[in-house]
Amino acid sequence: MQIITTKAELERSVQACKMKGQTVGLVPTMGALHEGHASLVRRCVSENDVTVVSVFVNPTQFNNKEDLLKYPRSLERDAELLESIGAHFVFAPEPEEMYNAEEMNKPFQFDFNGLDQVMEGKMRPGHFNGVVQVVSRLFYLVKPDRAYFGEKDFQQLAIIHFMVERSALAGTFGNLQIIGCPIVRELSGLALSSRNERLSAGEKQTALNISKTLFASLNWAKQPNASVHDVQQRVIDDINAVPGLEVEYYEIVDQATLLPTDTFRNAIGCVTVYCGPVRLIDNIKYD
Ligand code: PAF
């Protein structure tokens, strides 16, 4: 496995593989890797000749400086894990390698047809512009056949699908396939997240109530005459009733449009909860 820190070397190395007719898969990450990332990388390794994993804490997608500073970084440990599961290239650039000063400071603007105006996008203005800024740059550099993203960030996945479909009209990313992979959970149900590293043992115990409530809501939704509004409110009330947890939003939306829905058909519930100072997200599909 090779660790690459410059765009030029990344392009050269991937190009050499493509010249041999090899297929290339990309797994974009911000590092602090856990079993959820590992599942994406394993799938990528099994479906492509060459696997590139980017490890880059992208400053342009953080609208909170403190969150950026506190984001866990562990490149050495990440590289060991990636090597053990068969990745071929790790791309770990410095921010200055990815962006010039103007790109770093001037918000990137992209039209997501409203997909970024709800939930995470509403709470973190500019976040998805930053995500797409870095992801599209990675796509241009690697030109992968397939790219893998976790469904825990469901809105991010929907926006990346939209961006690629829209660009496909212009042929920008060729036949790039975006592959969404299921959430990986601890046995307790807690969704794996790099942010879990910032939870104390007690907070981690408290955080279990998030997935527990989401799973319980699947049964509430199956009751005769269950309404989306009532299930949504009960999830919010039950999580807020746990000392140490505070819901920022819980919205049951259509999986395609991300707009509020009044039916459970094709619906997903997306939640963001503060567990002490740590902001956690999770989701559950009702259909
Ligand atoms: O999901 C993430 O970790 C990040 O948003 C991504 C896709 C790697 C872009 O920085």
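Values quoted throughout were computed directly from the atomic coordinates according to the rules given, and no laboratory measurement underlies them. Owing to the predicted nature of the structure, the values given are computational and were not obtained by experimental measurement. In this analysis, Cβ positions are derived from the backbone assuming ideal geometry, glycine residues included, and neighbour counts consider all displayed protein chains.
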- Message: I'd like the orientation of helix 201-222 relative to the chain: the angle between its Cα long axis and the longest Cα principal axis, in ° from 0 to 90, rounded to 10.
- Response: 70 degrees
- Item | Dimensions in Å of segment 109-194 - Rg and Dmax from alpha carbons | 13.8, 45
- Message: Modelling each spin label as a point 7 Å along the Cα-to-Cβ direction, I'd like the residue 197/residue 76 distance in nm, to one decimal.
- Response: 1.3 nm
- Taking a spot 7 Å from the Cα of residue 248 along the direction of its beta carbon, which residues of segment 51-92 have an amide N less than 20 Å from it? 57-73
- Query: Pairing the Cα long axis of helix 75-84 with the longest principal axis of the chain, what angle in degrees results, from 0 to 90 and rounded to the nearest 10?
  - Reply: 80 degrees
- Place a +1 charge on the Cβ of each Lys and Arg in the chain and a -1 charge on the Cβ of each Asp and Glu, then give the dipole magnitude about the Cα centre in debye, rounded to the nearest 20. 340 debye
- Message: Could you work out how much longer the chain between residue 205 and residue 16 gets when fully extended? Use 0.36 nm per residue separation minus the Cα distance between them, nm to one decimal.
- Response: 63.2 nm
- Message: So if each residue of separation counts as 0.36 nm, and I subtract the Cα-Cα distance between residue 225 and residue 168, what length gain in nm does that give?
- Response: 16.3 nm
- Item | Separation of alpha-carbon centers, segment 212-227 and segment 48-70, rounded to whole Å | 35 Å
- the chain, helix-only ellipticity at 222 nm - DSSP H runs n ≥ 4, -39,500 (n - 2.57), divided by all residues, nearest 500: -13000 deg cm²/dmol
- Starting from the Cα of residue 256, step 7 Å along the direction of its Cβ; do the same at residue 8; then give the gap between the two resulting points in nm. 4.7 nm
- Determine the alpha carbon to alpha carbon distance for each of 65/285; 65/204; 18/285; 7/65 and list only those over 30 Å. 65/285; 18/285
- Sparse-neighbour loop sites [trypsin sites (Lys or Arg not before Pro); segment 205-280; at most 14 other C-beta within 10 Å; DSSP]: 265
- Item | Backbone N within segment 52-96 under 18 Å of label point (7 Å from residue 186 Cα along the Cβ vector) | 72
- Using alpha-carbon pairs under 8 Å, 6+ residues apart, how would you state the relative contact order of the chain in percent? 17 percent
- Percent antiparallel among DSSP beta bridges confined to the chain, nearest 5, equals 50 percent
- Could you compute the FRET efficiency for residue 1 and residue 216, with r as their C-beta to C-beta distance and R0 at 41 Å, rounded to 0.05? 0.45
- Note on the structure: log10 I(q)/I(0) for segment 30-180, Debye formula on C-alpha points only (no solvent), q = 0.13 Å⁻¹, two decimals, reads -0.61
- Note on the structure: Note on segment 1-114: alpha-carbon gyration tensor, axes a ≥ b ≥ c; rule is a/c under 1.5 for rounded, else prolate if a/b larger than b/c, else oblate; result prolate
- Task: With N set to the residue count of the chain, report its C-alpha Rg divided by 2.2 N^0.38 Å to two decimal places.
- Result: 1.02
